[in-house]
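Asker: After the structure tokens below, expect a handful of questions from me.
No lab work stands behind these numbers, since they all come straight from the coordinates. Since we're looking at a predicted model, the values are computed, not measured. Here the Cβ positions follow ideal geometry from the backbone for every residue, glycine too, while neighbour counts run over all protein chains shown.
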Amino acid sequence: MATHTVSQAKDGIAGLLSGTNLNNVTNVNNALERAARTLCQRADIPEASGRQSVTLYDGVYDYLAPTTIFGTALVDLRMQGVSRTPWEYPYKLPIVDFDRMKNIMPSGAEVTFEFKKGTGIMRVVSSRSTPRAVLDGMTVDDNWVAAGSASGLVEDQTVFYTYPASLRFTLTGSSTGTLTKTISQIDISDYEDVGVAFLAIRIPDGATASQLTSVALRLGTSSTVYDEVSDTDGFLGAWTVGDWLLVALDFSTATSTGTPDWDEIDYVQVRLAHTATLTNFRVGGLWISLPSPHEVLFQSTAIFMASGANPLQTITNDEDTIILNDAAYNIYEHEAALTILLQGAATKMSLKAMEIKKLLNGEGNEPGLYALYRFSNPSQELATSQNWYE
């Protein structure tokens, strides 16, 4: 595929604008980036797309969305490899419908998107994720023993991660609190050295995230024979306060004390290191899942690529490559010229702008470049099911 550099694009645009000196255009790179966004919004360009690996886990629904996805323009979510069956379709759902139906996915995958403080959250459930092994629902305080700095362990039927309750307790001072339980013996040998355990926690309102130092989990056959993993942030990033979050504990990185037999795990201990008193700390579910490698395909405006780097949404210098083939590049060049014209205020340029708009959009029975392109390159973006826009 023949490509062009940003420098070559600027030369071509200058020619379209009758030799206009682009050095006199305010923030020309910003205009070129804006034209890329317009191009992606008006036509789905195969080259302007991303492909990213995502590891899914049964029981985990929230994942970080690809940083270069254009809005929520999802094309596909599929399992890695070549084992896809004819009935495995991805479905893009409204947020409410996803939340209602996430536990009854028969085959394929369901996806929706949310945003939290500007961070994209891709909510996913896939029928291909290997069913998790529940270590404890943490909805009943029977046989759980609070020790160390942890005290006042009770069931909380008002604030919970999973119906009908969570476990609430207080962590006092600056120390480590523990919750320990002897569970019914479970064979989770398939998860040894590869499984990821997930613990739902809720740091109380009024606390600060930094007051929780780390969370650790011990799984074994006794208090002297266990594997341990610890972490200092949540599955999606830093600790958050006043909301449930998952802590991912990857047992491929575990350290061993003794030689625990994963055929007969019955010892579980949660360890919470903290620097201040945390009243009404809650935990609400503990399970272990196997990784399920998937990949997500999406539309993107990351069409600028420096040598040896990944495509970006922004221009780093004039030698960046624009990864568009001739058909898309022709539209882009005209869209960028129009963007630069609209950015200026020169009245003499209005005729030129009208000419470019006609070329891009067509006039009368004459189709424009966008219509011709979309005819040969129909959109593959997943539509949101049951969308009121329909």
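Asker: With the contact rule set at Cα under 8 Å and sequence spacing of 6 or more, what percent relative contact order holds for segment 133-289?
Answerer: Working: 436 pairs, mean separation 57.6, N = 157.
Relative contact order of segment 133-289: 37 percent.
Asker: Here's another thing I want to ask about it. For Leu297, what is the net charge nearby, where nearby means another residue's Cβ is under 11 Å from its Cβ and Lys, Arg count +1, Asp, Glu -1? Walk me through the intermediate numbers first.
Answerer: Working: positive: Arg51, Arg78; negative: Asp76, Glu295, Glu381.
My count for the surroundings of Leu297 gives -1.
Asker: Can you give the net charge of the other residues whose Cβ lies under 12 Å from the Cβ of Leu359, counting K and R as +1 and D and E as -1?
Answerer: Numbers: positive: Lys352, Lys357, Lys358; negative: Glu333, Glu335, Glu355, Glu363, Glu366.
Spelling it out: positives minus negatives among the neighbours equals -2.
Asker: Excluding Gly152 itself, what net charge comes from residues whose Cβ is under 14 Å from its Cβ, given Lys and Arg +1 and Asp and Glu -1? Don't skip to the end; give the middle numbers.
Answerer: Working: positive: Arg168, Arg282; negative: Asp141, Glu155, Asp156.
With Lys, Arg at +1 and Asp, Glu at -1, the net is -1.
Asker: Scan segment 70-115 for trypsin sites (Lys or Arg not before Pro) in coil per DSSP, keeping those whose Cβ has at most 16 other Cβ atoms within 10 Å, and list them by number. All intermediate terms of the calculation are to be shown ahead of the outcome.
Answerer: Numbers: sites: Arg78, Arg84, Lys92, Arg100, Lys102; in loops: Arg84.
Those satisfying the criteria are Arg84.
Asker: So for the chain, averaging the separation of alpha carbon pairs under 8 Å that are six or more residues apart and normalising by length, what relative contact order in percent results? Intermediate results must be reported in sequence, preceding the final value.
Answerer: Numbers: 846 pairs, mean separation 104.3, N = 390.
This gives 27 percent for the chain.
Asker: So if I place +1 on the C-beta of Lys and Arg and -1 on the C-beta of Asp and Glu, and nothing else carries charge, what would the dipole magnitude of the chain be about its Cα centre? I want it in debye, nearest 20.
Answerer: Working: 26 positive and 44 negative charges, 273 e Å.
Roughly 1320 debye for the chain.
Asker: Convert each backbone phi in segment 116-126 into a coupling constant with the Karplus relation 6.51 cos²θ - 1.76 cosθ + 1.60 (shift: θ = phi - 60°), then list the ³J(HN,Hα) values in order as whole Hz, x for Gly and Pro.
Answerer: Working through the residues one at a time gives 10, 6, x, 8, x, 10, 9, 8, 9, 9, 10 Hz.
Asker: Read phi for every residue in segment 208-223 and hand back ³J(HN,Hα) as whole Hz from Karplus 6.51 cos²θ - 1.76 cosθ + 1.60, θ = phi - 60°, with x for Gly and Pro.
Answerer: Those phi angles translate into 10, 4, 5, 6, 9, 7, 7, 10, 10, 9, 10, 10, x, 10, 5, 5 Hz.
Asker: Now for a separate question. Pop out the ³J(HN,Hα) list for segment 262-276 in order, Karplus 6.51 cos²θ - 1.76 cosθ + 1.60 with θ = phi - 60°, rounded to Hz; leave Gly and Pro as x.
Answerer: 6, 6, 9, 5, 9, 10, 10, 9, 9, 10, 10, 8, 8, 10, 8
Asker: His4's amide H: which non-local residues (gap 5+, or another chain) put their own amide H closer than 5 Å, with H modeled 1.01 Å from N in plane and none for Pro or chain starts?
Answerer: Close amide H contacts, sequence-distant or interchain: Ile322, Leu324.
Asker: Here's another thing I want to ask about it. Taking H as built 1.01 Å from N, whose amide H comes closer than 5 Å to the amide H of Val125, not counting residues under 5 places away?
Answerer: Hits under the 5 Å cutoff: Glu110.
Asker: If you take the square roots of the eigenvalues of the alpha-carbon gyration tensor of segment 103-252 and sort them as a ≥ b ≥ c, do you get rounded (a/c under 1.5), prolate (a/b over b/c) or oblate? Walk me through the numbers before you get to the answer.
Answerer: Numbers: a/c = 1.58, a/b = 1.15, b/c = 1.37.
Oblate.
Asker: Report the full-extension gain for the segment Leu351 to Thr208: residue separation times 0.36 nm, less the Cα-Cα distance, to one decimal in nm.
Answerer: Numbers: separation 143, 0.36 × 143 = 51.48 nm, distance 5.91 nm.
Result for the pair: 45.6 nm of gain on full extension.
Asker: Mind counting lysine pairs for me in the chain? Cα separation below 18 Å, and the two need to be 8 or more apart along the chain or on different chains. Don't jump to the answer; show the numbers that get you there.
Answerer: Numbers: Lys10/Lys352; Lys92/Lys102; Lys348/Lys357; Lys348/Lys358.
Going through the chain pair by pair, I get 4.
Asker: Could you put Tyr329, Tyr89, Tyr61 in order, starting from the residue whose Cβ has the fewest other Cβ atoms within 10 Å? Kindly include the intermediate steps, with their values, before the conclusion.
Answerer: Working: Tyr329 23, Tyr89 15, Tyr61 19.
Listed from fewest to most nearby Cβ atoms, that is Tyr89, Tyr61, Tyr329.
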